[in-house]
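Chemist: I have a structure I would like to understand better, so I am pasting it below and will then ask my questions one at a time.
The values are calculated or read from the model by the stated rules, or taken from the named source; none is laboratory data. A quick note: this is a predicted structure, and the numbers were derived from the prediction, not measured. Every residue, glycine as well, gets a Cβ built from its backbone with ideal geometry; the counts of neighbours run over all protein chains shown. To get the accessible areas, we keep the full protein, side chains included, count just its heavy atoms, and leave off ligands, DNA and RNA. Shrake-Rupley method; radii C 1.70, N 1.55, O 1.52, S 1.80 Å.
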Protein chains: 2
Amino acid sequence: MKNNTFDEIAEQINSAESLLLFPHVNMDGDTLGSCAALCHSLRSAGKECWVLYEGSVPLNLKFMTGDMFTEDENIIESADISMCIDCGDTGRLGVRKDKFLTSPVTICIDHHTTTDPFCQFNYIDPQAAATGQLIFKLLRTMNIKIDKQAGEAIFAAITTDTGNFQYTNTSKETHLIAAELYDSGIDFNSVSVQIYENKRKEKILITSRSLETLKMVSEGRGGIARVTQEMLAETGAEMSETDGIVEEIRCIAGVEISCLLKEDDENVVKVSMRVKNKGNVAEIAAKYNGGGHVKAAGFTLQMSMDEAFDTVSAEIIENIRKYG
Amino acid sequence: MKNNTFDEIAEQINSAESLLLFPHVNMDGDTLGSCAALCHSLRSAGKECWVLYEGSVPLNLKFMTGDMFTEDENIIESADISMCIDCGDTGRLGVRKDKFLTSPVTICIDHHTTTDPFCQFNYIDPQAAATGQLIFKLLRTMNIKIDKQAGEAIFAAITTDTGNFQYTNTSKETHLIAAELYDSGIDFNSVSVQIYENKRKEKILITSRSLETLKMVSEGRGGIARVTQEMLAETGAEMSETDGIVEEIRCIAGVEISCLLKEDDENVVKVSMRVKNKGNVAEIAAKYNGGGHVKAAGFTLQMSMDEAFDTVSAEIIENIRKYG
């Protein structure tokens, strides 16, 4: 795949009057922040621009949507350009795929690895820590001043996708861009409070309830916790709010493989696994028709919680013996 | 107070043969990382140098101490220079104060506000996000190359003291220094895993047990949880491991004032309070002979847990009414 240059993409945008921006489904901070920053900036530059999304906006990211986000496909009947942002795969456009393809010009700005770009113009950089970094560089190329609002959205995109500058994807360039954002007068701390101090009480409670079921295996090198339907009912939490628990278990000193067993239905247990340094959970997941990476994988077991615990526990012990 | 320049301090260090570095008591990532970076770099430059500490090294920071940290006051009988790092107050030198003052030259590098510097040479910059930033600039002034080991210790100092670049003390310069550290080949992610994925299981358990006692007041704008001696005994945790719980409560959407009640002894309850945006907990603490800042304060109540809950709950409701 050969990328276009930001200059070529800027030329297309400059000659357009109306643009629709498409975040990926299951919106996260990077797709949403990148869309918000670009939409706000293009409007400031005189363009008609909207972010067309589907699904729900996470509570802690709502502050960025302003009057720019819509679910109404007819907000612009036929946009000059459709841009997919942080999304390099039509599958991640959900039901908006057909609408996306109605524009005469399509552009993709993304940092996910893809084998099959589907737009006419593409800037896909898997080395970029966040798509927010690419939006920053595109706006620079277009000589559009990044103001406080756009700067805060780009900061949100970058800080969420880099785990606050801690994940391996973070680079020297990430920090240099963050430094430059300070010149636009961003209140990064207020962004941070919005993103991280906006958890539902129910999420805190289900996390606590689940962590109390923690069992250690393999002399403390494996940690396994559970979430049952009963625990969800008691705390009022949704299953999606158990995100993060398996990483919390990985944070325990000595733990190399962490695991969360999620009771999806009677005798249906979804399993999430993580590796700190040593281990290969993709190998375990593959045995049970699951998927993922060496350090993060998942699969489903058709059995009771207790049986699932025994199964997973044996796999962890074996995996640690092999790689530990 | 007038600071010396880094040049003046460098001149002193250059003409010395032996140096003792003093972190503050209750060592944190900034004091420890700054000492480790400076000690390693001065040794590389041919100096005899040790970090003289007291108390215990937190489990998650041990990776930085190498063979540089000692509790033995006689490791150097009489050092040419004593330097206190991230510590601008003799009270924070603990029992090492006399030893510190035996050197003919004393130097302070710190970023805490102080009214009464006690060293002959001082570089105290309350605008610096972390003392680690000042160590970076001192080493630059001295033309000492920051290698991987020193770079990782400075990164640890900065990332812990800025809450991973999220606290208001973070500045453009913080990110520029972080960017430069990448040139020394640091493995920032491995530092991050050491620091953040090294929690005692007991800490996770006491956090969970405590959060399950959470009660909301003032229509969800106040959140109060408890830790009892019984809970500590059940989980095997120490009271010091309850650090962070009150911030966890502040992270709940809608909460403006969070509070943790810690049963210190029978009818002795220590109270920690935090503010998200609106509120003034210093005002509450002052009423009960406690101390702190507008957004973080604490005090002690001589009463039962249930009475403490009622007292604190009434104060939070009133404070939110006043400032909310």
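Chemist: Count, please, the residues in segment A:220-251 that happen to be at positive phi and free of Cβ contacts under 8 Å to residues at least 12 places away in the same chain.
Modeler: Total satisfying the criteria: 0.
Chemist: In segment A:80-101, what count of residues is obtained for those that are β-branched (Val, Ile, Thr) and assigned to a helix (DSSP H, G or I)?
Modeler: Total meeting the criteria: 2.
Chemist: Could you run through segment B:7-27 and say how many residues are in a helix (DSSP H, G or I) and at positive phi?
Modeler: Within segment B:7-27, residues that are in a helix (DSSP H, G or I) and at positive phi number 0.
Chemist: Which one of A:121, A:136, A:100 is of a type outside the set (Ser, Thr, Tyr) and open to solvent by 20 Å² or more (accessible area, probe 1.4 Å)?
Modeler: Numbers: A:136 fails: open to solvent by 20 Å² or more (accessible area, probe 1.4 Å); A:100 fails: open to solvent by 20 Å² or more (accessible area, probe 1.4 Å).
Sole residue among the options that is of a type outside the set (Ser, Thr, Tyr) and open to solvent by 20 Å² or more (accessible area, probe 1.4 Å): A:121.
Chemist: Those residues that are acidic (Asp, Glu) and more than 7 Å from every other protein chain (Cβ to nearest Cβ), I need them from segment B:146-204; list them, please.
Modeler: B:147, B:152, B:161, B:173, B:180, B:183, B:187, B:202
Chemist: Can you tell me which residues in segment A:1-17 are open to solvent by 10 Å² or more (accessible area, probe 1.4 Å) and either touching a Phe, Trp or Tyr at 6+ places or on another chain (Cβ under 9 Å) or modelled with pLDDT of 95 or more (or both)?
Modeler: Of everything in segment A:1-17, those that are open to solvent by 10 Å² or more (accessible area, probe 1.4 Å) and either touching a Phe, Trp or Tyr at 6+ places or on another chain (Cβ under 9 Å) or modelled with pLDDT of 95 or more (or both) turn out to be A:3, A:4, A:5, A:6, A:7, A:8, A:11, A:12, A:14, A:15, A:17.
Chemist: Select from segment A:263-282 the residues that are more than 14 Å from chain B (Cβ to nearest Cβ) and charged (D, E, K, R) and write down the one among them that is most open to solvent (accessible area, probe 1.4 Å).
Modeler: The residue in question is A:266.
Chemist: Considering only residues that are open to solvent by 40 Å² or more (accessible area, probe 1.4 Å) and polar (S, T, N, Q), look in segment A:61-89 and name the one that is nearest to residue A:241 (Cα to Cα). Break it down stepwise before answering.
Modeler: Taking segment A:61-89 first, the residues open to solvent by 40 Å² or more (accessible area, probe 1.4 Å) are A:62-63, A:66-67, A:71-75, A:77-78, A:80, A:89.
If we keep only those that are polar (S, T, N, Q) as well, we get A:74, A:78.
Numbers: A:74: 33, A:78: 38 Å.
Only one residue tops the list, namely A:74.
Chemist: Ok, one more. For segment A:111-125, give me each residue that is assigned to a loop (DSSP other than H, G, I, E, B), at pLDDT 95 or above and under 20 Å from the mean Cα position of the chain (by Cα). Break it down stepwise before answering.
Modeler: Taking segment A:111-125 first, the residues assigned to a loop (DSSP other than H, G, I, E, B) are A:111-120, A:125.
Now narrow it down to the ones that are at pLDDT 95 or above: A:111, A:119-120, A:125.
Residues satisfying the conditions are A:111, A:125.
Chemist: Then there is this: Return yes or no: is residue A:243 out of contact with any Cys (no Cβ under 9 Å at 6 or more places or on another chain) and surrounded by fewer than 18 Cβ atoms within 10 Å (Cβ to Cβ)?
Modeler: yes
Chemist: Next question, about the same structure. Mind telling me which of the residues B:65, B:131 ends up being touching a Ser or Thr at 6+ places or on another chain (Cβ under 7 Å) and of a type in the set (Val, Ile, Thr)? Spell out the reasoning first.
Modeler: Working: B:65 fails: touching a Ser or Thr at 6+ places or on another chain (Cβ under 7 Å).
Matching residue, one of B:65, B:131: B:131.
Chemist: State all residues of segment B:40-60 that are in a helix (DSSP H, G or I), surrounded by fewer than 20 Cβ atoms within 10 Å (Cβ to Cβ) and either outside the structural domain of residue B:29 (by TED's automatic domain parsing) or hydrophobic (A, V, I, L, M, F, W, C) (or both); if no residue qualifies, say none.
Modeler: Answer for segment B:40-60, where residues must be in a helix (DSSP H, G or I), surrounded by fewer than 20 Cβ atoms within 10 Å (Cβ to Cβ) and either outside the structural domain of residue B:29 (by TED's automatic domain parsing) or hydrophobic (A, V, I, L, M, F, W, C) (or both): just B:59.
Chemist: Would you mention how many residues in segment A:252-267 are outside any loop (DSSP other than H, G, I, E, B) and either at positive phi or out of contact with any Ser or Thr (no Cβ under 9 Å at 6 or more places or on another chain) (or both)?
Modeler: 1
Chemist: Of the numbered conditions (1) assigned to a helix (DSSP H, G or I); (2) touching an Asp or Glu at 6+ places or on another chain (Cβ under 7 Å); (3) surrounded by fewer than 24 Cβ atoms within 10 Å (Cβ to Cβ), residue B:30 fails exactly one; give the number of that condition.
Modeler: (3)
Chemist: Looking at (1) under 15 Å from residue B:175 (Cα atoms); (2) surrounded by fewer than 19 Cβ atoms within 10 Å (Cβ to Cβ); (3) not aliphatic (A, V, I, L, M), which one does residue A:155 not meet, given that it meets all the others?
Modeler: The number of the failed condition is (2).
Chemist: Next up: So residue B:250 fits all but one of (1) within 10 Å of another protein chain (Cβ to nearest Cβ); (2) modelled with pLDDT under 95; what number is the exception?
Modeler: Only one criterion is unmet by residue B:250, namely (2).
Chemist: Do we have residue A:295 as open to solvent by 60 Å² or more (accessible area, probe 1.4 Å) and within 27 Å of residue B:248 (Cβ to Cβ) here?
Modeler: yes
Chemist: On to the next question. Quick check on segment A:205-226: of everything there that is of a type in the set (D, E, K, R) and away from chain B (no Cβ under 11 Å), which residue is most open to solvent (accessible area, probe 1.4 Å)?
Modeler: Applying the filter and picking the extreme gives A:219.
Chemist: State all residues of segment A:76-99 that are closer than 20 Å to residue A:149 by Cβ and hydrophobic (A, V, I, L, M, F, W, C); if no residue qualifies, say none.
Modeler: Scanning segment A:76-99 gives A:83, A:85.
Chemist: Quick one: how many residues across segment B:166-186 are open to solvent by 70 Å² or more (accessible area, probe 1.4 Å), closer than 20 Å to residue B:37 by Cα and among the β-branched types (Val, Ile, Thr)?
Modeler: 0
Chemist: Name the one entry in A:113, A:131 that is among the hydroxyl-bearing types (Ser, Thr, Tyr), in contact (Cβ under 8 Å) with a residue 40 or more places away in the chain and over 30 Å from residue A:235 (Cβ atoms).
Modeler: A:131
Chemist: Just a yes or no: is a residue in segment B:282-292 over 25 Å from residue A:197 (Cβ atoms) and assigned to a loop (DSSP other than H, G, I, E, B)?
Modeler: Yes; the residues of segment B:282-292 include at least one that is over 25 Å from residue A:197 (Cβ atoms) and assigned to a loop (DSSP other than H, G, I, E, B).
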